[in-house]
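Q: One structure coming up, written as structure tokens, with questions to follow.
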Amino acid sequence: MTHHASRMQPHRLVRLGLGIIAASAVFGTAVAPAAFAQTLPGQSTSVAAQTDTGLSPTTVGQTTSVQALTLAETEGPYYKTNSPETSSLVQPGLQGTVLTLTGQVLDQGGQPVAHALLDFWQADAGGAYDNTGYTLRGHQYTDANGSYTVTTVVPGLYPGRTRHIHVKVQAPSSSVLTTQLFFPGEAGNSRDSIFDPSLLLNITNNADGTQSATFNFVVATA
Ligand code: FE
């Protein structure tokens, strides 16, 4: 519940920054591709060509293929370093609905990022974090296709927050993205100022009572 204390200002700054990027992309595509291209290093050649030919389909494609970075969120108070390397956070005796989360880590061009680090941590089904051990904490690396799979349980609720899973994602030799993943249909989502719909899991309820979820991350790469 102490998530709320120090979060407000950085969170607002991140959203403002993304808004500016989105606005620039739309404006640049529709009106002034040359101006937009000036903000991207290494595209001066194509800018020169556009002066003569105007807006080309190739330029539109390049602009719209830049995917927005996954939104950063506050780390919260319960992260611990040195989590075990494992793709299964489920241990014997652990209660809750088994959840298998899969997805890819992508760069802003939509290309898979191999050997990206993912470090998950979350509350148990009762809403408690293990702050003495490493229950429901674990890290792994994406495969050659940028894919990951983590088996866990649906986290429980704790006061002040909607349901969420914490994660850090880092492409090789790049900066760390710290964020949180959210669950659709939660009454608490609209009351939680950390919640953002761009971070919603895509959930499937399986016949055996387990759940499957997907989420793709878009991260900065070196
Ligand atoms: Fe939390």
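Laboratory data are not the source of any read-out in this text; all were calculated from the coordinates shown. Here the structure is a predicted model, which means the values were calculated and not measured. Reconstructed Cβ throughout: ideal geometry from the backbone, glycine too, with neighbour counts over all protein chains shown.
Q: Looking at the structure I just gave you, is Gly188 within 16 Å of the ligand (Cβ to nearest atom), small (Gly, Ala, Ser), more than 18 Å from Tyr79 (Cα to Cα) and more than 17 Å from the chain's Cα centre (by Cα)?
A: Spelling it out, Gly188 is indeed within 16 Å of the ligand (Cβ to nearest atom), small (Gly, Ala, Ser), more than 18 Å from Tyr79 (Cα to Cα) and more than 17 Å from the chain's Cα centre (by Cα).
Q: How many of the residues in the stretch 97-147 are more than 16 Å from the ligand (Cβ to nearest atom) and among the charged types (D, E, K, R)?
A: Of the residues in that region, 2 qualify.
Q: For Thr178, which of the numbered conditions (1) more than 12 Å from the ligand (Cβ to nearest atom); (2) touching a residue at least 60 places away in the same chain (Cβ under 8 Å); (3) within 20 Å of Thr221 (Cα to Cα); (4) surrounded by fewer than 18 Cβ atoms within 10 Å (Cβ to Cβ) fails to hold?
A: Thr178 satisfies all of (1) more than 12 Å from the ligand (Cβ to nearest atom); (2) touching a residue at least 60 places away in the same chain (Cβ under 8 Å); (3) within 20 Å of Thr221 (Cα to Cα); (4) surrounded by fewer than 18 Cβ atoms within 10 Å (Cβ to Cβ) except (1).
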